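> The structure's right below; bear with me while I get my questions together.
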Amino acid sequence: MEKKALGRGLDALLPSVKAAPMPESAEVQRLRVDAIVPNRYQPRQTFAPQELAELTDSLKQNGLLQPILVRRKGDGIYELISGERRWRATKDAGLETIQAVIRNCGDEESIVLALVENLQRADLNPMEMARAYHRMMNEFGLTQDIIAQQVGCERSSIANVARLINLPLEIQQLIETNRLSMGHAKVILGLPGQSEQLRIAQLVVSGTLSVRETEKLVESSPVAKKRATKDLRRTPWTDVEERLQKRFGTKVTIQKGRRGGKILIHYFSPPELDGILETLLN
C-alpha cells in the first residue's frame, strides 16, 4: 500500500495561484497531433498511467473539453506550452488532430505558463516545483521576487520550495514519491549536515511521524542539541530571528556582543543571495 505524505503539503506554502490566461480573442484551431512536440520546459516530470488512461477514455467518450496551448517552432511544428497530458491522451486515443490555441511567446513566458497551469491543477510535486524555480533563476536570471509576482504567491514561498534542492538526493526522492511532506522537509532543512538530515528523514518515514513529532526528534538530535546550547545566549532574540527568517525565506541568526552585534543572513545558492539582496534594497 502506498504511503501518503505526512503532514501539511504545498497548500500551506502556496495559498493561491494566478490563472494562466488564454490570449484575448484566442482562436481555437485543429492541429495534427504528430506536428506537436513536448514542452522542453515542462516542470512536470511524471504522468500517472492510470490517470492518463482515465483521461484517454474520457476523450473517447466526450471529446476534448479544453484546448491545449502551443507556440510555433517553425517548419509546421508546434511546441506545447500547457496541456501535455491532454495531448498524450489524444495520441493514446488514436485521434489525429487536437484543438489548440497558438500563442506567440518566448522561452521565459513558456515556462511560467506551464508552471502556473500545473500549480492550478495541483499536478506538481514539491521537487518538480523546486527544479522549475531553479531553472527560472539560473537559465533566465529571474529573481525570487519576479517569480513570485508571475506565479502569484509570496517570495518566501518561492524561497522555501527552492531550498529543497539543497537536500540530499535520497530525501528529494522521498518528497517526490509523496513519502515526505513539505512540512517535514522544512523541519529537516533546519539541520546542519546532510548525513544528519538523511538520518532524521529515514526515521520520519519508517515511523510515519507527524511534523510536530519530527520537530521534537530534530530538537533531540545531538547536532541540534549542540547548536541549541550555543543558541541559549540568544534566546531573547528568537522571536526576531523567526520573523526575519519568514521575511527572507532563509536562516537568520542574531549574535549579540557587549555593545553591538551581528545579524547573519544565510544563503545556500547564488539565486537565493539575489533574492535576499533584492528584498533588502527594495
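Quick note: the coordinates plus some simple rules give every number you see, no bench work behind them. What you are looking at is a predicted structure, and each value in this text was computed from that prediction instead of being measured. Glycine gets a Cβ as well: all are built from the backbone with ideal geometry, and neighbour counts include every protein chain shown.
> Suppose each label sits 7 Å from its Cα in the direction of the beta carbon; what would the SER220-ARG135 distance come out to in nanometres?
4.1
> Provide Rg and Dmax in Å for the stretch 112-189, with only Cα atoms included in the calculation.
12.0, 32
> For the peptides 80-91, 267-278, what is the packing order when you average, over each peptide's residues, the other Cβ atoms within 10 Å and list the highest mean first? Don't skip to the answer; put the middle values down first.
Numbers: 80-91: 21.8, 267-278: 17.6.
Top to bottom by mean Cβ count within 10 Å: 80-91, 267-278.
> To the nearest whole percent, what portion of all C-alpha pairs in the stretch 17-121 is separated by more than 17 angstrom?
Working: 2775 of 5460 pairs.
Pairs farther apart than 17 Å: 51 percent.
> Check each of the GluC sites (Glu not before Pro) in the stretch 139-195 and keep only those in coil by DSSP with at most 12 other C-beta atoms within 10 angstrom; list them in order. Please report the intermediate quantities before stating the final value.
Working: sites: GLU139, GLU154, GLU170, GLU176; in loops: GLU154.
Hits after loop and neighbour filter: nothing returned.
> Filter the cross-link list LYS60/LYS91; LYS186/LYS216; LYS186/LYS262 down to pairs whose alpha-carbon distance in this structure exceeds 23 Å. Could you put the intermediate results ahead of the total?
Values: LYS60/LYS91 11 Å; LYS186/LYS216 14 Å; LYS186/LYS262 25 Å.
LYS186/LYS262, as the Cα separations exceed 23 Å there.
> Which of the peptides 253-265, 39-51, 200-212 is most tightly packed, and how do the rest follow, going by the mean number of other Cβ atoms within 10 Å of each residue?
200-212, 39-51, 253-265
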